[in-house]
Amino acid sequence: MFDLKQKSALITGAGSGIGEAIAHALARAGAHVYVSDRDGENGQRVEEAILSEGRCASFISLDVTNEADCASAAGKVRDDHGHLDVLVNNAGIGHVGTALQTTGEDMDRLYAVNVRGVFNVMKAFIEEMVARRAGVIINVASIGGILGIRDRLAYCTTKFALVGLTKSMALDHAKDGIRVNCVCPGRVETPFVKERLLEYPDQEAAYREMAATQALGRMGTPEEIAAAVLYLASDEAAFVTGSALLIDGGWSAGK
Ligand code: NAD
């Protein structure tokens, strides 16, 4: 339904979970997808899976905390395709803990990836988007960027910052023909959530509790988030900018 033919799209953290599903969805819509991740093995696995479907994909090794990686990714896309149409800032990391269990190093580590990392990648592409007067940026924030979540101090702090960054950039660059939005997923069953579960002594109980947070009584799938990103990337979303789209199974609707 959504057509991204002739478009280029770079997704960070595309070697796993939500980013992997986004890469597949945008490639199926016809985009040349740049699958970027700091994890080369997984990134290449996703590239190969997309190519094996007869779609277009190139893996780029990119750690979002490394500005040189970001600049070289922009150079590769420029040499290869000429420009970037869609940037999806998906790479992110989590942490479980209240202020009592969170160290300054934890705060810096999460900030470096979830906020500064997004900034680094955007810095590498924004000037060219402004010059072309075209571009779409989609950030993968979280319900934790809209509501506080118990035991997620560092994570929520960074995701609130990412929603702020999204809205500020949407205002700054509306006149440049660039749309900037974020999606705010509830819990989605990915390796990210499986890792968080390991931090609980009773993992089955923690799983049930995590699923029950959503009014729909289950976690989301990566494909359900990718569908929203595909919409935001498409021309059908031409009037959508500065939004924080909740895809949270009703978590934020109330108790
Ligand atoms: P995941 O752990 O399955 O995948 C994250 C990917 O990001 C991995 O491939 C990892 O290698 C990559 N990555 C991590 N740090 C990186 C860095 N510095 N540079 C480049 N790549 C890096 O996680 P996921 O569940 O798919 O989460 C993706 C995004 O969705 C994150 O931003 C996360 O905060 C957000 N999110 C996830 C959930 C959920 O419940 N899974 C809910 C809301 C928001």
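The values are calculated or read from the model by the stated rules, or taken from the named source; none is laboratory data. From a predicted model like this one, the values you see are computed outputs, not experimental measurements. Cβ: placed from backbone, ideal geometry, glycine included. Neighbour counts: every protein chain shown. When the accessible area is computed, the model is the full protein with side chains, heavy atoms only, and any ligands, DNA or RNA have been set aside. Shrake-Rupley method; radii C 1.70, N 1.55, O 1.52, S 1.80 Å.
List of remarks:
- The stretch 3-16, residues that are surrounded by fewer than 24 Cβ atoms within 10 Å (Cβ to Cβ), more than 6 Å from the ligand (Cβ to nearest atom) and touching a residue at least 40 places away in the same chain (Cβ under 8 Å): Asp3, Leu4, Lys7, Ser8
- Applying the set (1) within 14 Å of the chain's Cα centre (by Cα); (2) away from the ligand (no atom under 12 Å from the Cβ) to Glu209 leaves exactly one unmet item: (1).
- Only one of the numbered conditions (1) aliphatic (A, V, I, L, M); (2) at pLDDT 95 or above; (3) crowded, with 16+ Cβ neighbours inside 10 Å is not met by Leu100, and that is (3).
- Check on Gly145, over 20 Å from Leu62 (Cβ atoms) and open to solvent by less than 20 Å² (accessible area, probe 1.4 Å): yes
- Residue check, Cys156 within 12 Å of the ligand (Cβ to nearest atom), closer than 26 Å to Gly30 by Cβ and not small (Gly, Ala, Ser): no
- Subset of the stretch 227-246 [open to solvent by 40 Å² or more (accessible area, probe 1.4 Å) and closer than 21 Å to Gly15 by Cβ]: Ala227
- The set of residues in the stretch 17-54 being within 9 Å of the ligand (Cβ to nearest atom), in contact with a strand residue (DSSP E or B) (Cβ under 8 Å, 6 or more places away or on another chain) and small (Gly, Ala, Ser) consists of Gly17, Gly19, Ser36, Gly43.
- For the stretch 190-200, the candidate set comprises residues that are within 15 Å of the chain's Cα centre (by Cα) and not hydrophobic (A, V, I, L, M, F, W, C); within that set, the residue that is most open to solvent (accessible area, probe 1.4 Å) is Pro191.
- Note on the stretch 201-226: among residues that are charged (D, E, K, R) and in a helix (DSSP H, G or I), the one that is least open to solvent (accessible area, probe 1.4 Å) is Glu224.
- Residues of the stretch 148-178 that are among the charged types (D, E, K, R) and open to solvent by less than 30 Å² (accessible area, probe 1.4 Å): Arg152, Lys159, Asp176.
- Within the span defined as the stretch 53-61, every residue fails to be in a helix (DSSP H, G or I) and in contact with a His (Cβ under 7 Å, 6 or more places away or on another chain).
- Within the stretch 31-55, the only residue that satisfies the criterion of being closer than 16 Å to Leu87 by Cα and surrounded by fewer than 24 Cβ atoms within 10 Å (Cβ to Cβ) is His32.
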